[in-house]
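S.K.: Take this structure first; my questions come after.
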């Protein structure tokens, strides 16, 4: 049978309440008593019942994370950053994915009610009505990469616009007459901001060149299909800027199959600087997003909201990006340029 708190109390010759206070760090227990009870609990291999503890502390010590997908290096790096920060604070994670579906996102949020102390939400479906219908007012939440801005929630965004603008300018400054852009999903805030940065940089620095956009959806397959379509045009290829690294990797494969050399025949760049970007051949020029840091800061932000529920929310925070020049765009590796 599992060891209970009563077994620990009997062994320590104290009340159940004293054991509870000692194991929960209450100042009402002396250090000597706390250490003795902790030692007995460890020897008996007592594991506190999380549900019972939650009834006392009103906390689950768990943070929920709702993401649009769990596939790909971006999301694995984001979860890693969240998890590292959670562990440092003694918190656990409950992660769910909506697979880009609004109903699944709503169901995931509702399923987490009562099981988490706070939420991290990255979803294209976030707006006032969605949150009002699916998130209890008492649950602190941090929104990631969201166009929705409300004084009720902390918001952390990547500088998608600035990163895409800087990369487009870099490719034009490197001598490429024009840049073709492989876009992300139409309803995705990151993708919209990256395309806007690309278009405005083209208008500013190559006003006579036609801004050409090829549809993608952030997957390697869509990048591969975009690369094949570009290779079959029969025209000299410009530089290609994919809205994320996964699509750039797909383009790289398509160009290789079409016997197009990167960067000799076509320059290529991506966005995110996922770990694999530096290991493909040629190494990928990209816009560096500090993905792990984004996850860490989001977790710390929701933890602060849980500890101080009445605190004022600040303005949306935007994390800077950096242009990282590698071989795929035709240049030598250079120090990162802050955006």
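The values are calculated or read from the model by the stated rules, or taken from the named source; none is laboratory data. Nothing here was measured: the structure is a model prediction, and the numbers come from that model. No Cβ is skipped: glycine too gets one built from the backbone with ideal geometry, and neighbour counts run over all protein chains shown.
S.K.: Name the one entry in 180, 168 that is assigned to a strand (DSSP E or B) and surrounded by 20 or more Cβ atoms within 10 Å (Cβ to Cβ).
M.R.: Just one listed residue meets the conditions, 180.
S.K.: Among 173, 159, which is the only one that is under 16 Å from the mean Cα position of the chain (by Cα), surrounded by fewer than 21 Cβ atoms within 10 Å (Cβ to Cβ) and closer than 30 Å to residue 263 by Cβ?
M.R.: 159 is the lone residue from the list that is under 16 Å from the mean Cα position of the chain (by Cα), surrounded by fewer than 21 Cβ atoms within 10 Å (Cβ to Cβ) and closer than 30 Å to residue 263 by Cβ.
S.K.: Quick check on my filter: what residues within the stretch 264-307 are surrounded by fewer than 20 Cβ atoms within 10 Å (Cβ to Cβ) and in a loop (DSSP other than H, G, I, E, B)?
M.R.: Selection gives 264, 265, 279, 280, 281, 282, 283, 290.
S.K.: Return the residues of the stretch 184-194 that are farther than 20 Å from residue 291 by Cα and touching a residue at least 12 places away in the same chain (Cβ under 8 Å); say none if nothing qualifies.
M.R.: The one that is farther than 20 Å from residue 291 by Cα and touching a residue at least 12 places away in the same chain (Cβ under 8 Å): 187.
S.K.: Right, something else. So, in the stretch 1-38, how many residues would count as being within 21 Å of residue 90 (Cβ to Cβ) and under 40 Å from the mean Cα position of the chain (by Cα)?
M.R.: 13
S.K.: Those residues that are out of contact with any helix residue (DSSP H, G or I) (no Cβ under 8 Å at 6 or more places or on another chain) and either surrounded by 21 or more Cβ atoms within 10 Å (Cβ to Cβ) or not in a helix (DSSP H, G or I) (or both), I need them from the stretch 69-111; list them, please.
M.R.: Once the filter is applied, which keeps residues that are out of contact with any helix residue (DSSP H, G or I) (no Cβ under 8 Å at 6 or more places or on another chain) and either surrounded by 21 or more Cβ atoms within 10 Å (Cβ to Cβ) or not in a helix (DSSP H, G or I) (or both), the stretch 69-111 yields 71, 90, 99, 100, 101, 108.
S.K.: Given the condition surrounded by 19 or more Cβ atoms within 10 Å (Cβ to Cβ), in contact (Cβ under 8 Å) with a residue 40 or more places away in the chain and either part of a strand (DSSP E or B) or in contact with a strand residue (DSSP E or B) (Cβ under 8 Å, 6 or more places away or on another chain) (or both), answer yes or no: does some residue in the stretch 209-221 qualify?
M.R.: There is no residue in the stretch 209-221 that is surrounded by 19 or more Cβ atoms within 10 Å (Cβ to Cβ), in contact (Cβ under 8 Å) with a residue 40 or more places away in the chain and either part of a strand (DSSP E or B) or in contact with a strand residue (DSSP E or B) (Cβ under 8 Å, 6 or more places away or on another chain) (or both).
S.K.: Answer yes or no as to whether residue 72 is modelled with pLDDT under 90, within 18 Å of the chain's Cα centre (by Cα) and closer than 23 Å to residue 275 by Cα.
M.R.: yes
S.K.: So in the stretch 138-151, with the set limited to residues that are closer than 13 Å to residue 118 by Cβ and in a loop (DSSP other than H, G, I, E, B), which one is modelled with the lowest pLDDT?
M.R.: Of everything passing the filter in the stretch 138-151, 138 is modelled with the lowest pLDDT.
S.K.: Is it the case that residue 105 is farther than 14 Å from residue 295 by Cα and either under 19 Å from the mean Cα position of the chain (by Cα) or assigned by TED's automatic domain parsing to the domain that holds residue 244 (or both)?
M.R.: When the stated conditions are applied, residue 105 passes them.
S.K.: Let me ask another. Looking only at the stretch 184-206, filter to residues that are modelled with pLDDT of 95 or more and not in a helix (DSSP H, G or I); which one of those is surrounded by the fewest Cβ atoms within 10 Å (Cβ to Cβ)?
M.R.: The residue in question is 206.
S.K.: Same structure again: Among the residues of the stretch 281-321, count how many are without any contact (Cβ under 8 Å) to a residue 40 or more places away in the chain and either under 13 Å from the mean Cα position of the chain (by Cα) or under 23 Å from residue 183 (Cβ atoms) (or both).
M.R.: 1
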